[in-house]
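Down below is the structure, laid out as structure tokens.
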Amino acid sequence: MSPEEAALVIVLAVIAWLIYLLPAVIPSLLISYLGHRRAQFMWWELSVFVLPFIIWLVVALVSRDKGLWGPIVELLILGCTVPAAALIRVIASGAVNRSLMAGSLIFVICALAILLGIMIPKIEFQPFVK
């Protein structure tokens, strides 16, 4: 791989990560701010912004028949699961051990990243279909 190709791959990975973070960060920060006393979030829970993306990226690199729109849709779906997990964490904070709940939710999001990468087929974009 030439240095130009390596630079292109890195730039595309950063753009993909930003697409993943787009629906994940702002709602998650709002939920964690409003529920920080109830849920008591831990520092290692921030791995949810990196770990599922890395797992999805590895799966996406293995499956090459995705096209352009498939990965974007997958990343948006995966990004939307992060605030949902934060909301679940706030709602169920008193019922379950917080470390167990946080670890379980991160594991579920990582499993969803694998499933999204494997199961969603190539998505065709046809703007002028009648």
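The values are calculated or read from the model by the stated rules, or taken from the named source; none is laboratory data. Since the structure is predicted, the reported quantities are computational estimates derived from the model, not experimental observations. Surface accessibility is based on the protein's heavy atoms, side chains included, excluding ligands, DNA and RNA. Shrake-Rupley method; radii C 1.70, N 1.55, O 1.52, S 1.80 Å.
The residues of the chain present an accessible area of 66 Å² per residue when probed at 1.4 Å with all protein chains retained. Accessible-area rank, largest first, for 55, 114: 114, 55, with all protein chains present and a 1.4 angstrom probe. Considering only 58, 82, 48, the Gaussian network model of the chain with Cα springs below 10 Å gives its largest mean-square fluctuation to 58.
Note on the chain: Kirkwood radius taken over Cα pairs, Stokes-Einstein applied at 4 °C and 1.567 mPa s, translational D equal to 81 µm² s⁻¹. The fraction of Cα-Cα pairs per 5 angstrom bin, counted from 0 for the range 16-84, comes to 3, 16, 26, 22, 14, 9, 5, 3, 1, 0 percent, rounded to whole percents.
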